[in-house]
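Report on one structure; see the data block that follows.
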Amino acid sequence: MYNHAPENYNCPFCLLIEGVKNKHVHSIESDIVYHDDVVTAFIGSHQWPNNHGNVIVVPNEHFEIHQVAKRLAIAMKRVYSCDGVSTRQHNEPAGSQDVWHYHLHVTPRYENDNYYGTQRQFMASTERAKHAEALKKSLLTIDVNE
């Protein structure tokens with residue numbers, strides 16, 4: 001399975017779930033707001049000054065990203081030669097949701113791309129079709145266990 005974590009990485013989320021306290025873990029057991037056999041949710045140790053209460057929901061086992069999103073991320077790296085990939089999900093108007101159906105954005109990212117300093121723009125269907133075709137073609141070559 002593809003994993004971009006550095007060698008000898010100590011995952012702070014796994015350590016929190018396991019109840020380990022050390023220099024790699026900023027979150028502590030009292031931060032946990034929900035836990036079951038599949039997922040754990042906890043107050044993030046880092047918060048935005050105007051948005052306190054940020055909760056991080058993580059699977060209890062290591063999964064890089066959702067299976068389809070993961071395959072798309074690999075395809076994007078191949079097709080666009082991007083430096084990384086961002087996934088985003090929004091809820092309610094104040095959270096920038098504008099389509100009322102659960103959805104996840106998977107976006108190719110580049111060093112110094114100023115992503116958060118730009119606004120999205122409408123793309124013509126003919127241009128979208130070119131991107132869709134390139135990604136479809138790449139997806140056909142990706143092993144689901146990659």
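The values are calculated or read from the model by the stated rules, or taken from the named source; none is laboratory data. As the structure is a computational prediction, the values presented were derived from the model and not from experiment. Backbone-built Cβ (ideal geometry, glycine too); neighbour counts: all protein chains shown. In case anyone asks, the SASA skips ligands and DNA or RNA and just uses the protein heavy atoms, side chains included. Shrake-Rupley method; radii C 1.70, N 1.55, O 1.52, S 1.80 Å.
Cysteine residues of the chain whose Cβ has no partner cysteine Cβ closer than 4.7 Å: Cys82. Shape analysis of the chain based on the Cα gyration tensor places the equivalent ellipsoid semi-axes at 31, 21, 15 Å, largest first. When restricted to Cα atoms, the range 48-129 yields an Rg and a Dmax of 14.9, 42 Å, respectively. The helix-only estimate of mean residue ellipticity at 222 nm for the chain, built from DSSP H runs of length n ≥ 4 each weighted as -39500 (n - 2.57), is -7500 deg cm²/dmol after division by the residue total. Rolling a 1.4 angstrom probe over the range 53-133 with all protein chains present gives an accessible area of which 53% lies on carbon and sulfur atoms. Excluding residues on the same chain fewer than 8 positions from Lys77, give the aspartates and glutamates whose Cα lies under 12 Å from its Cα. Candidates past the 8-residue exclusion: nothing left.
In angstrom, the C-alpha Rg and Dmax of the range 87-146 are 14.6, 39. Per residue, the range 1-133 exposes an accessible area of 77 Å² to a 1.4 Å probe, with every protein chain left in place.
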